[in-house]
1. Region 116-139 to region 48-113: how many Å between their Cα centroids?
2. In the structure shown, do any of Lys45/Lys130; Lys78/Lys130; Lys78/Lys139; Lys45/Lys139 have a Cα-Cα gap over 28 Å, and if so which?
3. Could you put Leu28, Leu69 in order, starting from the residue whose Cβ has the fewest other Cβ atoms within 10 Å?
4. Measure nothing but the geometry: give the 0 to 90° angle between the long axis through the Cα atoms of 98-121 and the longest principal axis through the Cα atoms of the chain, rounded to 10°.
5. Could you size up the charge dipole of the chain around its Cα centre, putting +1 on the beta carbon of Lys and Arg and -1 on that of Asp and Glu, and report it in debye to the nearest 20?
6. Note down the relative contact order for region 5-121 as a percent, whole number, built from C-alpha pairs under 8 angstrom at least six residues apart.
7. How far apart, in nm, are two points set 7 Å out from the Cα along the Cα-to-Cβ line at Thr125 and at Ser46?
8. Once the Cα atoms of helix 67-77 and of the chain are each reduced to a long axis, what angle between those two axes, in degrees from 0 to 90 to the nearest 10, is obtained?
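Just so it is clear, none of the values below were taken in a lab; they were calculated from the coordinates. In this text, all values refer to a predicted model and were calculated from it rather than measured experimentally. Neighbour counts are summed over all protein chains in view; Cβ atoms, including those assigned to glycine, are modelled from backbone coordinates with ideal geometry.
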Amino acid sequence: MQSTHDFSVQAENYTISAALFTIGPDILIIITGGDHPHIGDVTTKSPTTDLQTIQYPSHDGRFHKDYFLSERLAPQIKPMLKGNLTILAGVHVDHITQAQLNASFDMIDQLAAQINNWLANHPVTISKPKYYHHDEQPK
């Protein structure tokens, strides 16, 4: 599947990218970057559920901390949601510095602004699904 649109921000000698996928009314965002992109966590939000994150264990047994990025992005995208939101995040910078770590928060804010701007200018238009009534069956 091809992403709907791609975004990126560079600061402190590394890049964070976001691939946006619109799937019906739902949004999937894949955040990657640094020296070793990966999937470190999955953050989800639906119109009727709270934010939820699953962290994956890293190669050294600790859990990835990419939720700092995905959980910062999710509330900023929430006003644009018409359906569900899923964010996969995995950014690793070898021997990350405090300045690089601090920059990641502003980078996510910039990505959120880019994504919201794109979504505002490219609204998703879909028809509502059709269901059988309680007394109907597939033919």
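1. 28 Å
2. Lys78/Lys139; Lys45/Lys139
3. The fewest-first ordering by Cβ neighbours comes to Leu28, Leu69.
4. It works out to around 30 degrees.
5. Approximately 520 debye in magnitude.
6. Taking the mean separation of contacting Cα pairs over the length of region 5-121, I get 32 percent.
7. Result: 2.8 nm between the two label points.
8. Roughly 50 degrees, rounded to the nearest 10.
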